[in-house]
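The values are calculated or read from the model by the stated rules, or taken from the named source; none is laboratory data. What you see is a predicted model, and the numbers here were worked out from it, not measured in a lab. When we count neighbours, we look across all protein chains shown, and the Cβ atoms used for this are built from the backbone with ideal geometry, even at glycine. What goes into the accessible areas is simple: the full protein's heavy atoms, side chains included, and nothing from ligands, DNA or RNA. Shrake-Rupley method; radii C 1.70, N 1.55, O 1.52, S 1.80 Å.
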Amino acid sequence: MSLRSLPSVDQLLQSGSELITAYGRPLTVAAFRLVLDEIRDEVRAGGGTPSNEPILARAESHLISWTKPTLQPVINATGVLLHTNLGRAPLSGAAIRAMDEVSRGYSNLEFDLQTGKRGSRLIHAEAILQKLTGAEAALVVNNCASAVLLTLSALASRKRVIISRSQLVEIGGGFRVPDVMKQSGAKLIEIGTTNKVRISDYEEALTESGPLSVVVMRAHRSNFKIIGFTEEPELKEIVENAHKYNSIFVDDLGSGALLDTAKYGMQHEPTVLESLAACADVVLFSGDKLLGGPQAGIIVGRAELIAKIKKHPLARAVRADKTCLAGLSATLLHYLKDEAEREIPLWRMVSLPLEQVKGRAEHWKRELGCGELVLSESTVGGGSLPGESFPTWALSLPVKSPDKFLARLRKNQPPVVARTENDRILFDPRTVLPEQDADLLKSIKTVLMV
Ligand SMILES: *Cc1c(COP(=O)(O)O)cnc(C)c1O
């Protein structure tokens, strides 16, 4: 091909009406220009023969890659229930419907249907949270990290916040709770040591700080355990101590379970009700960890403090959007109606009997005609229940190169994420939604045939 015989962009547009319909004129023009530039470069470079691939097809492949969503569904066969990198909690049908409905048209997000006047978006999840937890008041924000930032900004800016060194956690992605806390303008008073904190450490810090000047905070160790030579006072004792010095006690639970994880053969995860029963003034937790809902940060506690938090300017900056409020309310309703185990995917996965997990792995094995079943472990993950795992049956495939096999699985549509154990690929049925079975098997078959 010589440069002279190259068509013009206008000529290409005349034969590219299908591309214009699919991708719009400006983007199609940009793709044609890029392809023409590429061909000119190839011709000028001399050595290489210019590609014979038709110009339209080359433009289309650019258009496809430019418009492909970067965020897409994947099949999680890792057995990690709350995989932060894979989007944490899958939502219940009711939550998805509620989010869909509220985003299709208009809603009474901030409109009082009785008076016809302006209303508040903050009321939407509040009543359910009050009923569910017995807390005087509640507020929903963007996520739990913003709940920490907002709460301390409203209650502790330029004041002291006492926290044990054993709770200075990094929550993942390099984000550290103490850094988020400092952003509020609070002065962190670290007490105790990494493995031990005593009530006398709290007393000392409170005495030094003087009355009314401090917040005492607990941050739950969501993603690690301290074992061995350790000591930490009971929550009730810490709260009573804080109140003795007229201080506010803020409990950052992170995951904040509403159900008792111990009932499912796991370690006990602190619940929201326990914190409130211990008289914590404000309790913070995530919407998309053990709650199993959309990304959100939930703040519950004493009415007078929540009112102060609601009024802080940052509350506007970290507010929850209407789809979040709709999805979260629907999720919370499952707990209120005592149907969480049946309706919320996360709790369905947790409570799935081992025999049923095995049955699905057997089905996969039959369909694929290879592999073997192994007793393995699913984990909760996502900054909940550190190191906590429970039994599962996985399908194990021996492969020549596990890394290459995993890479091919990730390239499929939809991508599949699995894990390796002793050079074998493990597929855990617990985290694969039943409706994804066919796609998963097709994907594995494709890779096995390579
Ligand atoms: C996970 C976690 C957070 C942050 O929650 P996000 O909802 O991810 O913002 C804060 N504190 C603790 C203790 C956590 O475990």
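Points to keep in mind about this one:
- Filter pass, residue 157 being closer than 30 Å to residue 210 by Cβ and open to solvent by 10 Å² or more (accessible area, probe 1.4 Å): yes
Residue-wise test of (1) assigned to a helix (DSSP H, G or I); (2) among the hydrophobic types (A, V, I, L, M, F, W, C).
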position: 221; (1), (2): no, no
position: 236; (1), (2): yes, no
position: 240; (1), (2): yes, no
position: 279; (1), (2): no, yes
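- Selection status of residue 305, open to solvent by less than 30 Å² (accessible area, probe 1.4 Å), over 26 Å from the mean Cα position of the chain (by Cα), outside the structural domain of residue 381 (by TED's automatic domain parsing) and more than 30 Å from residue 391 (Cβ to Cβ): yes
- Residue tally, condition part of a helix (DSSP H, G or I) and closer than 8 Å to residue 162 by Cβ, over the stretch 186-211: 4
- Test: residue in the stretch 303-322 that is outside any helix (DSSP H, G or I), within 16 Å of the ligand (Cβ to nearest atom) and basic (Lys, Arg): yes
- Every residue from the stretch 411-450 that is part of a helix (DSSP H, G or I) and more than 25 Å from residue 71 (Cα to Cα): 448, 449
- Residue identified as under 25 Å from residue 87 (Cβ atoms), at pLDDT 95 or above and in contact with a Phe, Trp or Tyr (Cβ under 6 Å, 6 or more places away or on another chain) among 333, 395: 395
- Residues (surrounded by 15 or more Cβ atoms within 10 Å (Cβ to Cβ) and of a type in the set (Ser, Thr, Tyr)) located in the stretch 232-267: 245, 247, 255, 261
- Number of positions in the stretch 360-383 that are over 18 Å from residue 433 (Cα atoms) and assigned to a strand (DSSP E or B): 5
- Within the stretch 397-410, the set of residues being surrounded by 19 or more Cβ atoms within 10 Å (Cβ to Cβ) and not in a helix (DSSP H, G or I) comprises 397 only.
- Positions within the stretch 108-129 being within 29 Å of residue 340 (Cβ to Cβ), without any contact (Cβ under 8 Å) to a residue 40 or more places away in the chain and not in a loop (DSSP other than H, G, I, E, B), in sequence order: 123, 126, 127
- Residue among 428, 403, 439 that alone is at pLDDT 95 or above, outside the structural domain of residue 260 (by TED's automatic domain parsing) and touching a Ser or Thr at 6+ places or on another chain (Cβ under 6 Å): 428
- Only one of 181, 217 that is on the phi < 0 side of the Ramachandran plot, buried (at least 17 other Cβ atoms within 10 Å of the Cβ), of a type outside the set (Gly, Ala, Ser) and more than 21 Å from the chain's Cα centre (by Cα): 217
- Unique match (being open to solvent by 10 Å² or more (accessible area, probe 1.4 Å) and either within 16 Å of the ligand (Cβ to nearest atom) or of a type in the set (Val, Ile, Thr) (or both)) among 287, 381, 371: 381
- The residues listed here are 42, 101; of these, the one that is part of a helix (DSSP H, G or I), in contact (Cβ under 8 Å) with a residue 60 or more places away in the chain and out of contact with any helix residue (DSSP H, G or I) (no Cβ under 6 Å at 6 or more places or on another chain) is 101.
- Residue 140 falls short on exactly one of the conditions (1) open to solvent by less than 80 Å² (accessible area, probe 1.4 Å); (2) in a helix (DSSP H, G or I); (3) within 22 Å of residue 382 (Cβ to Cβ), and that condition is (2).
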